[in-house]
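Notes to accompany the following structure.
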Amino acid sequence: MGRVALVTGGTRGIGAACSKALKDAGYNVAANYGGNDDAANAFKKETGIPVFKWDVGDFQACEQGVIAVENEVGPVEVLVNNAGISRDAMLQKMSHEQWSEVIRTDLDSVFNMTRQVINGMRERGFGRIVSISSINGQQGMLGLANYCSAKAGMIGFTRTVALEGARKGITANAIAPGYVATELLANVSEKVMEHIVGQIPVGRLGEAEEVARCVVFLAADESAWITGSTLTINGGQLMD
Ligand code: NDP
């Protein structure tokens, strides 16, 4: 039996690619999602991966969700904190709601989820926590005060979990992708997208599967000595 991996936001975009790549690598995968039942059901039908609906911004829902996953699939050995949203606005126009929705979904979620699995990982002496941050957690970006704060916060969280888990066989790493072709970018105007692609030395957006390769690499048993790191994957846009 393969190890059990749970991917949040694992039914669309980068998360779906991670779920599929982990399954292909032999993991028993569970995919969480937030609200898009149609996409989740289509994903389940296509892949055979069980899907679990809960809001990662809600601590109690995460507690119940992880119990459901552990009952059906088994104790979570690999957690991929991938679920995330964006609500872009320049600070002078950003509402408190836009700020807190992103902090709650992109940053609180990482605590909410990791907290549910950390004790089991410590007891079993093995764990892999991979959190999908962003190039915009490594730099500032116009209109993204909420998103940049959440994604930078994930990196701080990761480093601390790495220290705390180091003697317990637990690694924690972040991945910082640049711009990847998914529905998250659907609201970005064509003009801004052209500008973004112009800033990528490789000359194109990333593919979700290219990020998923990094997740599989960091999740591996053999990656035990990689911890507290931020793996940059952005076509050369930011060299950090
Ligand atoms: P998508 O919008 O394509 O998919 C987001 C996924 O997260 C969906 O499965 C969605 O569920 C889930 N989700 C959103 N909110 C919640 C919630 N409250 N509870 C549970 N699940 C939720 O995004 P991407 O694949 O593009 O992004 C994935 C991650 O990668 C995000 O954290 C994002 O910030 C990060 N990232 C993305 C980049 C990009 O260019 N695309 C670049 C760098 C980082 P549902 O289907 O139900 O809506």
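For the range 146-177, the residues whose backbone nitrogen is under 19 Å from a point 7 Å from the Cα of GLU210, taken along Cα to Cβ, are 174-177. Just so you know, the Rg over Rh for the chain is 0.95, from Cα atoms, with Rh as the Kirkwood radius. Note on LYS45: lysines with a C-alpha under 19 Å away, same-chain residues under 8 apart excluded, are LYS20, LYS23, LYS53.
For the chain, give the share of DSSP beta bridges that are antiparallel, in percent and rounded to the nearest 5; count only bridges with both residues there.
Details: 0 of 25 bridges.
Restricted to the chain, the bridges split so that about 0 percent are antiparallel.
Taking only the Cα atoms of the range 2-57, the radius of gyration and Dmax are 10.0, 29 Å. Between helix 59-72 and the chain there is an angle of about 50 degrees, using the helix long axis and the longest principal axis of the Cα atoms. The label point for ASP240 and the one for LEU163, both projected 7 Å from the Cα toward the Cβ, are 1.9 nm apart. Of all lysines in the structure, those lying under 23 Å Cα to Cα from LYS93, and not within fewer than 8 positions of it along the same chain, are LYS151, LYS191. Relative to the dominant Cα principal axis of the chain, helix 13-24 is inclined by about 30°.
Take every pair of alpha-carbon atoms less than 8 Å apart whose residues are at least six positions apart; their mean separation over the length of the chain yields a relative contact order of 20 percent.
How high is the relative contact order of the range 121-163, in percent, with contacts defined as C-alpha pairs under 8 Å that are six or more residues apart?
Details: 26 pairs, mean separation 14.5, N = 43.
Relative contact order of the range 121-163: 34 percent.
When shorter helices are ignored and each DSSP H run of at least 4 residues is given -39500 (n - 2.57), the per-residue value for the chain at 222 nm works out to -13500 deg cm²/dmol.
Helix 37-47 and the longest principal axis of the Cα set of the chain meet at an angle near 60°.
Protection proxy ranking, highest mean first, for peptides 209-218, 171-180, 39-48, 52-61: 171-180, 209-218, 52-61, 39-48, where packing is the per-residue count of other beta-carbon atoms within 10 Å, averaged.
None of the figures in this text is laboratory data; all of them are computed from the coordinates on show. Computed from a prediction, not measured in an experiment: that's the story for all the values here. We place every Cβ from the backbone using ideal geometry, glycine too, and count neighbours over all the protein chains shown.
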